[in-house]
Amino acid sequence: MAVLHDVLKVGSLKTNLFSWKAVAKKGFRLSGNGSDIWVRDTEGKDVLRARETLGNQVLQSVEESAHFTYEVWHQALGHPSVSSSNAKSYIDQHLIPTPPKNFHCDVCSLSKSVYHRPAESSGHNKATRVFELTHTDLSGKFSVPSIGKRNYYITSIDDYTRYAAIVFLTEKSDAASAIKTFVKQIEKQYDTTIKRFRHDNGGECVNEELLSYYESS
C-alpha cells in the first residue's frame, strides 16, 4: 500500500498525474522492464507499478473488494426473501446489488413447495367388487435376460383388492397366452370372472387373438 503526500489538486485536469521525478527525490527508486515500471522503496519492496497504455504509463490499482451478482449474495446470505434483502438489515448493505426484476431462485421455490394430498376419487370407473377391473401392463425387453432366459414380464393387478400377479415371458408375443391363463386361474381359484382389463393399448394387449378371446368369453 502506498501513501502519497504533497498531492496537488488541479481542477482542470480530468486525469491524475504522477511525477516520477518527485518520487525519486523522496528516496524511492524506479525500475522498468519492457512496458512496466515499478516504484520501489529503499528496501527494494515494490510500492507502485505502472503499465504502458496508449503511450502513457498508467498506475495499476488493486481492487480489494469482489463484485458478486445478486444471486451469489442471495445464496451466501441463506436465501432471504427479496424484500428482506432490500431492507437495511446489513451494515454493508451498499455492497449488495439491487435484485433484478422477476428474480427467481429454484432452491427457494423447492423449499417452499407444500405437499398436498390428492383429492379422494369420485368413484368414477373405480371397482366396487373383486376382479371387476384388472390393470395389466407389459415391461421389457431387458438388456439382461433372467435366469430362466425371460426377457419380459406382464403384471396384472386387481383394482379392488390390489391383488397382483407377475408372469415372466420369453417373447413379447407370449402376453396374450399369459392373459388368458391368468383369466382361467382367477375363474378356478376364486370362482369369479374378470369383467374388464385396463391397459395402455399396447399391441400385446390389443390384437386379434385377444379381441376374439374377449368377445367369446
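Just one of 190, 152, 163 is in the same structural domain as residue 137 (by TED's automatic domain parsing), within 16 Å of residue 133 (Cβ to Cβ) and under 39 Å from the mean Cα position of the chain (by Cα); which is it?
Sole residue among the options that is in the same structural domain as residue 137 (by TED's automatic domain parsing), within 16 Å of residue 133 (Cβ to Cβ) and under 39 Å from the mean Cα position of the chain (by Cα): 163.
Exactly one residue out of 54, 30 is of a type outside the set (D, E, K, R) and either touching a strand residue (DSSP E or B) at 6+ places or on another chain (Cβ under 7 Å) or modelled with pLDDT of 80 or more (or both): that is 30.
Considering 179, 194, the condition of being at pLDDT 90 or above, under 16 Å from residue 217 (Cβ atoms) and part of a loop (DSSP other than H, G, I, E, B) is satisfied by 194 alone. Screening residue 125 on (1) touching a residue at least 24 places away in the same chain (Cβ under 8 Å); (2) under 27 Å from residue 189 (Cβ atoms); (3) not acidic (Asp, Glu) shows it passes everything except condition (1).
Given the criteria out of contact with any Ser or Thr (no Cβ under 9 Å at 6 or more places or on another chain), surrounded by fewer than 14 Cβ atoms within 10 Å (Cβ to Cβ) and not hydroxyl-bearing (Ser, Thr, Tyr), does residue 129 qualify?
Numbers: out of contact with any Ser or Thr (no Cβ under 9 Å at 6 or more places or on another chain): no; surrounded by fewer than 14 Cβ atoms within 10 Å (Cβ to Cβ): yes; not hydroxyl-bearing (Ser, Thr, Tyr): yes.
Here the answer is no, as residue 129 does not meet what is asked.
For region 136-148, the set of residues classified as surrounded by fewer than 17 Cβ atoms within 10 Å (Cβ to Cβ) and touching a residue at least 40 places away in the same chain (Cβ under 8 Å) consists of 137 only.
Being closer than 30 Å to residue 72 by Cβ, assigned to a helix (DSSP H, G or I), touching a residue at least 24 places away in the same chain (Cβ under 8 Å) and among the hydroxyl-bearing types (Ser, Thr, Tyr): is that true of residue 111 here? Spelling it out, residue 111 is indeed closer than 30 Å to residue 72 by Cβ, assigned to a helix (DSSP H, G or I), touching a residue at least 24 places away in the same chain (Cβ under 8 Å) and among the hydroxyl-bearing types (Ser, Thr, Tyr).
Residues in region 149-164 that are surrounded by 16 or more Cβ atoms within 10 Å (Cβ to Cβ) and not in a loop (DSSP other than H, G, I, E, B): 152, 153, 154, 156, 157, 158.
The values are calculated or read from the model by the stated rules, or taken from the named source; none is laboratory data. Computed from a predicted structure; not experimentally measured. Cβ: placed from backbone, ideal geometry, glycine included. Neighbour counts: every protein chain shown.
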